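The structure appears right after this line, and notes come after that.
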Amino acid sequence: MKCYQLWLLLFAFRLLGVLLIQTWFVPDEVYQSTEVAHRAVFGTGHLTWEWTHALRSPLHPAVIAALYKPIQWLELDSQVVIAKLPRIFHAFVFSFGDYAFYLLSRRLLLSVDAAFYSFVTYLSSWFIFYCAPRTLSNSLETALTIIALLWYPFFSNRMRSKVWPYITIGVLTIVIRPTAALLWVVFGVAHLMRHPKPVNLIFSTVLPAALPVLLMSVLVDSLCYARVTSSLWNFLSFNVLEGGSAHFGVHPWYWYFTEGLPSVLTLQLVPIMFGLFSTWRPTLLPLAASAFYVLFHTLLPHKEQRFLLPIIPLLCLYAGPFFSARRSTLRRGFLFLMIGVNIIIALYCGLRHQIGPYNAADSVIALAAKKSRNVSVAALMPCYSIPGHSYFHNEVANIRMLDCSPHLGNGVGNDEAEEFHREPLMFVDKHWNEIRWNTYILMYEKMYLELADWMTRFHYAVCDRVFHADLPVSERQDHYIVVLCKNWLSTS
């Protein structure tokens, strides 16, 4: 098979992900990417508190804005195009990461057979399939990391003459996702230690390859935030030095070992662990980088599955020797089991688990299409639980969500979500003049049952009830989301 044919197949595979991944995952998929881009191009979009404090690089949203702009000029900006185009772009980029993994496995593994099975292990990962088309900075970080490693000199006896691309792309991943530095510091130090002239390497290659990207980052940040600043430094300072990541939730130090890694790797853990002891295993440098990455993350209070995404390809490199060293029957049986389990998880998580926010949004869009005037939506739900203007586009004029901005430097206080879920009736009474004029109100069913009388009093009735999840991931969620419609004829 020719190179371009393999890439086309990989791109088609990632486009399949665009079609099959229809569920909600994390707010950053919208509010740190497409929502920011939508605001820049179309003038509507919610900016989270991180953008006030310059904690995020505008580079990722700028790329999406560059996709939106010609669509706006051509007047092709339908709701479907605006919602799907960024995902298609991320699938496109990730397909190059897929192809890079194929080349990398062929280069690092001593057996063609082992390289093939590492590639299959990687492609069958449910979590990569689940995240690849999503507009997450983690997805770009993962794809760019694999691509950059194509230029990395893994073998000291075969030092590559052209290594600047891995440095440039690697620094770019750090700008997009600062925690990527945890991977690149390991690869970078290993490169310097094995190089015969490390000081010369720093001044002749590292600095010329890295500084332009860093300077560009500061320039873009300063233009975006209208002051001289660096989102890279601000992010690291807030989340690492100040422990600010605790605002997003606190997990025990061992969470990645008991829940994180087992949940994202599932059966891939078996061939990876056994492959580490194989004589056909590749260099242990990807493992060392992954281990350092995870161990450092255990020290941070906030932990998420998606933070593990960039190390999954690195670990899958070790799975190939396990399969190639086993008898064909055993190998075939476990391979089919691994692929089957991952397909089931991918389909369930992509088509059913946490589909409520998009179901509710689609319901509002369908209902709004029947109205001639501008409509507004209030989401009385945990913070950033529904897609924003970058999904609704022109179908909704205003979106009212609960404010979750942390009280930085202002002492301890409760955000709106905390206030609402602690005393829902008191909250809606306090904010009744903001809430009662919205065309639609979205909330989880159990919260609606507590506020049903209040909603009736202000002429809201349930016009739709959509499925969310079989297993809600927090106490504030429920199995269903209700869509409440305002009866304007009854409004006094």
### Task
Using Cα pairs closer than 8 Å and at least 6 residues apart in sequence, work out the relative contact order for region 3-351, in percent.
25 percent
### Correct option for Kirkwood radius over Cα pairs in Å [calculated from the coordinates] among [x] 27.7; [y] 23.1; [z] 24.3
[z]
### Query
Under a 5 Å amide H to amide H cut-off, with H placed in plane at 1.01 Å, what residues pair with Asp464 once short-range neighbours are removed?
Val483
### Query
Among Leu76, Leu55, Val93, which residue has its Cα positioned farthest towards the positive end of the charge dipole of region 22-156, with +1 placed on the Cβ of Lys and Arg, -1 on the Cβ of Asp and Glu, and the dipole taken about the Cα centre?
Val93
### Task
Sort 322-329, 430-437 for me by packing, meaning the mean count of neighbouring Cβ atoms within 10 Å per residue, highest on top.
322-329, 430-437
### Query
What list of ³J(HN,Hα) values in whole Hz, one per residue of region 287-301 in order, does the Karplus curve 6.51 cos²θ - 1.76 cosθ + 1.60 (θ = phi - 60°) give from phi, with Gly and Pro shown as x?
5, 4, 5, 5, 5, 4, 4, 5, 4, 5, 5, 5, 7, 7, x
## Note on the structure
Longest principal axis of the chain (C-alpha) makes with the long axis of helix 445-457 (C-alpha) an angle, in degrees to the nearest 10, of 20 degrees
### Query
What angle do you read, to the nearest 10 degrees and between 0 and 90, between the alpha-carbon axis of helix 356-368 and the longest principal axis of the chain?
50 degrees
### Message
Going by average Cβ density within 10 Å per residue, which order do the peptides 223-230, 262-269, 171-178 take, highest to lowest?
### Response
171-178, 262-269, 223-230
### Query
Taking the DSSP beta bridges in the chain as the whole, what percent of them are antiparallel, to the nearest 5?
65 percent
#### Entry: Relative contact order %, region 356-490, counting alpha carbon pairs below 8 Å whose residues are six or more apart
28 percent
### Task
Please tell me the relative contact order of region 1-94 in percent, rounded to the nearest whole number, where contacts are Cα pairs under 8 Å and at least six residues apart.
35 percent
### Query
Once the Cβ-Cβ distance between Leu219 and Thr456 is put in as r, and R0 is 51 Å, what FRET efficiency do you end up with, to the nearest 0.05?
0.40
### Query
Taking only Cα atoms, what is the 0 to 90° angle, nearest 10, from helix 112-123's long axis to the longest principal axis of the chain?
10 degrees
### Query
By per-residue mean of other Cβ atoms within 10 Å, what is the highest-first order of 22-29, 197-204, 282-289, 247-254?
22-29, 282-289, 247-254, 197-204
### Message
Multiplying the sequence separation of Asn200 and Phe467 by 0.36 nm and subtracting their Cα-Cα distance, what value in nm do you get?
### Response
90.1 nm
### Query
Calculated FRET efficiency, Glu416 and Trp151, Cβ-Cβ r, R0 45 Å, to nearest 0.05?
0.40
#### Entry: Candidate lysines - alpha carbon under 18 Å from Lys486, same-chain residues fewer than 8 apart omitted
Lys370, Lys371
### Query
What ³J(HN,Hα) values, in whole Hz, does the Karplus curve 6.51 cos²θ - 1.76 cosθ + 1.60 give for region 167-173 when θ = phi - 60°, with x put for Gly and Pro?
5, 5, 5, x, 5, 4, 5
### Task
Sort by residue number and name the cysteines in the chain that have no neighbouring cysteine Cβ under 4.7 Å.
Cys3, Cys131, Cys224, Cys316, Cys349
### Task
Enumerate the amide H contacts of Met401 below 5 Å, restricted to partners 5 or more residues apart or on another chain; note that Pro and chain-start residues carry no placed amide H.
Ala379
#### Entry: Label-reachable residues, region 379-402, where backbone N falls under 20 Å from a point 7 Å from Arg373's Cα toward its Cβ
379, 394-400
### Message
Give me, ordered by chain and number, the residues 5 or more places off Ile355 or on other chains with an amide H under 5 Å from its own placed amide H.
### Response
Trp24
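Readers should treat all values here as calculations from the given coordinates under stated rules, not as data from a laboratory. Given the structure is predicted, the values throughout are model-derived calculations rather than measurements. When we count neighbours, we look across all protein chains shown, and the Cβ atoms used for this are built from the backbone with ideal geometry, even at glycine.
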